[in-house]
1. Quick one: check the C-alpha center-to-center distance for the range 266-302 versus the range 113-136, whole angstrom.
2. Could you work out how much longer the chain between residue 149 and residue 223 gets when fully extended? Use 0.36 nm per residue separation minus the Cα distance between them, nm to one decimal.
3. Please work out how much length the chain gains when fully extended from residue 167 to residue 252, using 0.36 nm per residue of separation minus the C-alpha to C-alpha distance, in nm with one decimal.
4. Suppose R0 equals 22 Å; then what is the FRET efficiency for residue 233 and residue 325 from their Cβ-Cβ distance, rounded to the nearest 0.05?
5. Residue separation times 0.36 nm, minus the C-alpha to C-alpha distance between residue 8 and residue 85: what's the value?
6. If you bin the C-alpha pair distances of the range 239-320 every 5 Å from 0, what whole percents do you get?
7. Within the range 242-264, name every residue whose backbone N is under 12 Å away from a label modeled 7 Å from Cα of residue 281 along the Cβ vector.
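The numbers here are math on the coordinates, done by the rules we state, and not lab data. Everything quoted here is computed from the prediction, not taken from an experiment. When we count neighbours, we look across all protein chains shown, and the Cβ atoms used for this are built from the backbone with ideal geometry, even at glycine.
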């Protein structure tokens, strides 16, 4: 679920693209991810009228942003590739180029990112579990989790085990994936092993699975490889693990969490977690949150679970951006 700040950004983007006209909007969409296109497109479709003050504010902010930025090079990927080749030579540079610049459409997987999980599941349902695993590690973790939810338990467990034991994608595996998706491989014979899969990928996908499916998958993996199951569990980050955040990190996280979202998430949290949140808010905000929790009637556990996972997604994004550290460590010294 999007935060209030994210919703405001989507609203402003929709207003701006409507103001720019169809041709300009189409060019902008070419540079956005599938999720961004969907969210902004849906907002544009619902917008019929906009207040003059809001319209003027969006255009003014856009103009200020443009004035404060300068274009460096038209194709930064090509620039970095050329610099590395000149500095290191073709062989040494090739390894870095694959790692730094790659991330574009490879093995035709990009097309799946535009499809909903049910459609993807239907498309690959009859494929070998290894092929399914190879496909899913290319998707966003929540997207992959949605696809897995469409399979029966046996298939889901088998695929997750293969994801957890996958230590990379070999060229021949990419060739098989290419045959399945009827796409042309990027890079041809020079495609190198891509570092995808493994316990961390499995843990990230499991973090988005609810309704006890994550427990079932882990138990299935544990029966065949207890050590692997333990390694996956160590990589998983649950809502209760937010207790390990230091106060500064918790305060940063709460700034990106909407009020209604926090109320629902805390309805299913233990008292220690609630106090952790209260202690990192102003007295007025904490009192208001307590009142909202007391006045909130019974809620479905599925709704609580969804909001907790949404907050975890925010936490992981902040961790990836280097703004917070998951798992504690706030008092450690850095050199």
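1. 39 Å
2. Contour length minus Cα-Cα distance gives 24.5 nm.
3. That pair, residue 167 and residue 252, stretches by 27.2 nm at full extension.
4. Step by step, r from the Cβ atoms, then E = 0.65.
5. 23.5 nm
6. Over the range 239-320, the share of Cα pairs per 5 Å bin runs 3, 15, 28, 29, 18, 6, 1, 0 percent.
7. 254-255, 257-264
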